[in-house]
1. Using Cα atoms only, what is the angle between the long axis of helix B:18-31 and the major principal axis of chain B, expressed in degrees (0 to 90) to the nearest 10?
2. Sum up the lysine pairs in the protein assembly as shown that clear both bars: alpha-carbon distance under 30 Å and a spacing of 8 or more or different chains.
3. For the range A:76-131, what is the convex hull volume of its Cα atoms per residue in Å³?
4. Note down the accessible area of B:S125, probe 1.4 Å, to the nearest 10 Å².
5. Run the quick spin-label model on A:E71 and B:A159: label points 7 Å from Cα toward the beta carbon, then report their separation in nm to one decimal.
6. With just the Cα atoms defining each centre, how far is the range B:1-70 from the range A:69-93? Give it in Å.
7. Per residue, how many Å² of accessible area does the range B:57-191 show with a 1.4 Å probe?
8. Any chance you could check the range B:24-54 for residues losing 20 Å² or more of accessible area when the partner protein chains are in, compared with the chain on its own (1.4 Å probe)?
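The values are calculated or read from the model by the stated rules, or taken from the named source; none is laboratory data. Because the structure is a prediction, the values reported are computed rather than measured. No Cβ is skipped: glycine too gets one built from the backbone with ideal geometry, and neighbour counts run over all protein chains shown. Side chains are part of the model used for accessible areas, which takes the heavy atoms of the whole protein and leaves out ligands, DNA and RNA. Shrake-Rupley method; radii C 1.70, N 1.55, O 1.52, S 1.80 Å.
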Amino acid sequence: MKRGQWIAIFVIVVAAVGLVATNLGAGDDAEVVAQPAAEQPAADQPPTKAAGTAPRSETPPFFGQAGDLVELDGWLQSDATAFSDFDGTVRVVQFWTLSCINCKRTIPNLSALYAEFEPQGLEMIGVHSPEFDFEKDPVTIQQAAIDLNVTWPIALDTEKKNFRSWQEGRRFWPRTFVLDQNGEIRFDRIGEGAYEDLNATVAYLIQNGP
Amino acid sequence: MIPLLLEGFESAFLPCSLILLIPGAAAAIAARQESNSALSGFVAGSLVFAWLRFSGRGGDLPLGLVALLLAVSVVLLVIPLVRRLNLVSGAGGLLTGIATGVLWEPCVSTEFGALLAELPDRGASGFGLTAVYMAGVLAPVLLLGAVLHLIPSPALILARPVMLFAGAGVLAMLAVATAAGLTDNIIGQLVEWSIT
């Protein structure tokens, strides 16, 4: 590759930096500007408070029967001893780890969803599957839960056995599932986003059953 | 495509991309005046193996083999010190790219998450979109390659021994760490430092 081509790459990358900086700046500004109370958040922007979520108009798809959570190293913020303690309820199950930035970004929406639907029977379970050794200490996980405002039960999947069995072949943090009252998976999302779909699926299952 | 590219670029500055960027930079630096060949190989290797893994088409190599690939890449990248061989540097970069494509656990934001959901069912378009995302993630390494080529040749010649030691040294340490099963510990330590 000639020097001129490398200069072109340099210019393109610098331009991309400018674009990202502009994009991030716009996001910061958007947080400062007050939004009308009735305005709904965009599908991929996490809402920060419960907003009277409308259920989806169509039946949520079926993705198969969910597995169990096995060989856990215990639970935090719960008296549960087994995943079956939550049988018969609508469950949001998220595989996460405390240093994962994308997991952290989903928490405001999960908090709002939990606050809205927990009184109506929603159970939320964060399955903590550590990527690195420093994320394995339950004291560190508990502190992270406090710092991140994670108030729902946390299942300790220290050896990532459930992380692997629930995500055969392709494994990512975060991975969010919604299980209906029969234990069928009705929502499956890799990464951030799809908050509107997640919330509407939970609302549908709470209101209409499986 | 632009949101996907920008999301990749944002990920380049997050700890999850360290395992991709550090070896990529090391390969470019170790290859010195052949950094363009090494980087071309690196981009190709990491892209193909990341796509294979993320689309569920394979690509999960045993750690012992990954360590071997890294060790061979060090040898290949060192050779051009004696003789200028584009192909050898490219092969060194390719092996480094394959190894890091296997080791990389990506950040998954909104756009990339949506792509991952569709990737098993997408063919060439999925590969193309993965390439767009990775162009963003790898931008700092490509920028480094551009900077290396903007350095005047005499200065580059003077810096050769230092660049060789630094680049090849990092890759050699990574090879040893991978063989010993310590890659997660090292990356974990870097991640812990970066978030505290």
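1. Long axis of B:18-31 versus the principal axis of chain B: about 30 degrees.
2. Total qualifying Lys-Lys pairs in the protein assembly as shown comes to 6.
3. 87 Å³
4. Roll a 1.4 Å probe over it and B:S125 shows about 60 Å².
5. For A:E71 paired with B:A159, the spin-label model returns 4.9 nm.
6. A separation of 38 Å, based on Cα centres.
7. 43 Å²
8. Residues meeting the cut-off: B:N36, B:F54.
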